[in-house]
1. Please work out which one of (1) in contact (Cβ under 8 Å) with a residue 40 or more places away in the chain; (2) assigned to a helix (DSSP H, G or I) is the condition GLU50 fails and give its number.
2. What residue, among those in the stretch 128-160 that are at pLDDT below 75 and assigned to a helix (DSSP H, G or I), is surrounded by the fewest Cβ atoms within 10 Å (Cβ to Cβ)?
3. Please go through the stretch 36-47 and pick out each residue that is part of a helix (DSSP H, G or I) and either surrounded by 22 or more Cβ atoms within 10 Å (Cβ to Cβ) or of a type outside the set (Val, Ile, Thr) (or both).
4. Where residues in the stretch 65-85 are β-branched (Val, Ile, Thr) and either in contact (Cβ under 8 Å) with a residue 60 or more places away in the chain or in a helix (DSSP H, G or I) (or both), which of them is nearest to VAL252 (Cα to Cα)?
5. State whether the residues of the stretch 174-194 include one that is under 15 Å from GLY242 (Cβ atoms), of a type in the set (Gly, Ala, Ser), modelled with pLDDT under 75 and surrounded by 15 or more Cβ atoms within 10 Å (Cβ to Cβ).
6. Tell me, which residue of the stretch 206-244 that is under 14 Å from the mean Cα position of the chain (by Cα) and among the β-branched types (Val, Ile, Thr) is surrounded by the most Cβ atoms within 10 Å (Cβ to Cβ)?
7. Residues that are more than 25 Å from ILE230 (Cβ to Cβ), within 18 Å of the chain's Cα centre (by Cα), of a type outside the set (Ser, Thr, Tyr) and modelled with pLDDT under 85: does the stretch 27-36 have at least one?
8. Just for the stretch 86-98: of the residues that are of a type in the set (S, T, N, Q) and assigned to a helix (DSSP H, G or I), which one is modelled with the lowest pLDDT?
Amino acid sequence: AMPFLVIASLFSALIEVFVATERLLRWLPKSVAGGLIAGILGGFLIPTCECGVVPIVRRLMLKGVPPFIAVAFMLAAPVVNPIVLASTYLAFRGSVAMVVARVAVAALVALVVALYVKRLTEVLADNVTDAGHDHDHSNQPLLKKIRAVFSHTAAEFMYMGRFLVIGCLAAAAFKTLLPEDGMSVFADNAALSIAGMMLLAILLCVCSEADAFVAASFPTFTAGARLAFITVGPVVDLKLIGMFFATFRKRVVLALVVIPILLVFVLSWLIEYSGWLSGVLQ
């Protein structure tokens, strides 16, 4: 995850130094529907996994991007991007149904949470708002801009990196202490298997670019349970929860955690019983 966080911190710094606030806002759709579509589909233009999406979103909001658009991007980009779609297709042996299901669930989660965030007047945490004032780099010479990029990259990386380390420590403890057959108790019941795989995704903190291969390695679990694993992990896991608390107000963090968990569980259960993914197990 560390390289992705470095890349995201660098991208965040490039936005800060080289993209003027006025130009950024001019590119965004003015309508709510257009903003939501732009946020959800933004992963195609800025492919990123959940390991580094929070610093980018933090910088976009400090630049004046409406929070609901930024949150839609944050929740959808780790799934709705070409790298993750290709890895999902390969991991599940060419199952277009699994790819479509993953994108559909991720997009719906992003849409619901973004609409909730749109109702709020305060989204960013107080310390982020105070420390994140925009610096005007537009009139600086190129050499100074390059130095500013590296300075902002280092600051962003150190700010977010501590939460990544804490999340990885918790995930490592879970992997070490859980018995090898600890998940077998969940496999025989559809609802329990979905809940068990969601819990596993939250605790393991697997990057969205590789999580499909992990999910595919649980052949005794239903396709719906494996879908739940690859849709909840990119939006809620231990490292993300720490980053959320460092970036957003507690009310927003609660929504970012609770709404996706409930939606992914219900949608995965409905898709499982619809038979849409029945061919994935063969």
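The values are calculated or read from the model by the stated rules, or taken from the named source; none is laboratory data. Quick caveat: nothing in here was measured; it's all calculated off a predicted structure. Cβ atoms come from the backbone with ideal geometry, glycine included; neighbour counts cover every protein chain shown. Quick note on the areas: whole protein, heavy atoms, side chains included, nothing else; ligands and nucleic acids left out. Shrake-Rupley method; radii C 1.70, N 1.55, O 1.52, S 1.80 Å.
1. For GLU50, the exception is condition (2).
2. Selected residue: ASP130.
3. Result: LEU36, ALA38, GLY39, ILE40, LEU41, GLY42, GLY43, PHE44, LEU45.
4. Only one residue tops the list, namely VAL71.
5. Checked against the condition, which is being under 15 Å from GLY242 (Cβ atoms), of a type in the set (Gly, Ala, Ser), modelled with pLDDT under 75 and surrounded by 15 or more Cβ atoms within 10 Å (Cβ to Cβ), the stretch 174-194 yields no hits at all.
6. Here the answer is ILE230.
7. no
8. The residue in question is SER87.
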